[in-house]
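Laboratory data are not the source of any read-out in this text; all were calculated from the coordinates shown. For clarity, every value in this text was computed on a predicted model and none was experimentally measured. Glycine also receives a Cβ, built like all others from the backbone with ideal geometry; neighbour counts cover every protein chain displayed.
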Amino acid sequence: MTKPDLYTFFSGDSSKEEKEYLRQWLEEDSTHMEIFLKERKLYNITALHFSVASLLQGERRSSKLFIARNILTSCSKIAAVLLLAFAGYYLFDKAKATGAQEEATAYQTITLPFGQRVNLDLPDGSKVWLNAGTTIKYPVSFNDNVREVIISGEAYFEIAKKENSLFRVIAGNHTIEVSGTKFNVNAIGSQFETALFEGSVKVFNSLSPEKAIKLTPNTVCYEEGSLHVKPLTYPEQYSWREGLLCFEKKSFKQIMEVFERSYGCRIIVKNKIAGQYLYTGKFVQTDGVDYALKLLQKNIHLTYSRDKETNTIVIN
């Protein structure tokens, strides 16, 4: 098995015969898997480098992408961290009805640390933005009928429309099915919300798929054991992918939870008065958490201290 053969497979261009040859090669010797994983990492380095480089070229043509440039600079700094999260592994599924030979499907898993954001191009040309602390898993090559990804955290999708090819996002117990559209998925912890900006999607819970909701531009969230449709009243709150943290009538606790993920720090709130009110405001993430807290101090009576060694902030 040569490097060009492996790189052809990583790019999703291998034929069925080449995939079968790769499967046999992997089973021949345990050291072959070590070689495969090593080359997978090298391929990811190259792919990430050119993805960022091409985006940077696009930024030079527009002064409106100042915030995005800061995001990409941050992403380049964490490239080494991201590479630790890339993993290739194989599932071999036997074809029952046709008696066809086993095929190998490679999956890629990316886990983004707190304090970072990144955007990726999926194998079908769809685009996805990952928010801090998000994990996504997807095949290096989609099949013709269904394109499926799994996420935990928050992500924004722009799906490439392909005729007779369904795109499916699985987030915990919930599934979103689309053909070509733009939407945001928030599946942090036990919460679930989808905000649709363009097109239509079908959303359902795996425990009650018969209660699926067909959503046009609006939001759907899971509350009290069922899905509920709500109006999309404040789309700015989904501007995190542009480096903006926007809040409308959110509790102090909710804002601090977003700050923890976005700035990669731990925040302990001891100020009980601050938690009694709802707040509305916007912050530029690249300004830093200290600047954001100082802005809050103008409207809220609070003080805070920061332990740089543990990256912990205590708000009094």
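Laid out as a table, the results:
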item	result
Neighbourhood net charge (13 Å Cβ-Cβ; Lys/Arg +1, Asp/Glu -1) for Tyr238	-3
Cross-link table Lys249/Lys270; Lys182/Lys202; Lys162/Lys182; Lys202/Lys230; Lys127/Lys162, entries beyond 18 Å C-alpha to C-alpha	Lys249/Lys270
Residues with amide H under 5 Å from that of Gly264, placed H, sequence gap 5 or more	Gly115
Cβ-based net charge around Thr280, under 9 Å, with every Lys or Arg adding one and every Asp or Glu removing one	+2
Ranking of Glu18, Glu198 by count of other Cβ atoms within 10 Å, fewest first	Glu198, Glu18
Kirkwood-based shape ratio for region 243-315, expressed as Rg/Rh from alpha carbons	0.92
Exposure proxy ranking, count of Cβ atoms within 10 Å, fewest first, for Thr175, Thr219, Thr312	Thr312, Thr175, Thr219
Region 112-233 - share of DSSP beta bridges that are antiparallel (%, nearest 5)	90
Overall form of region 140-191 per C-alpha gyration tensor (a/c, 1.5; a/b vs b/c)	prolate
Packing-based exposure ordering (other Cβ within 10 Å, fewest first) of His301, His174, His32, His228	His301, His228, His32, His174
Rounded Å value of the spacing that divides the Cα centres of region 253-267 and region 157-233	25
Region 112-233: proportion of alpha-carbon pairs further apart than 17 angstrom, %	53
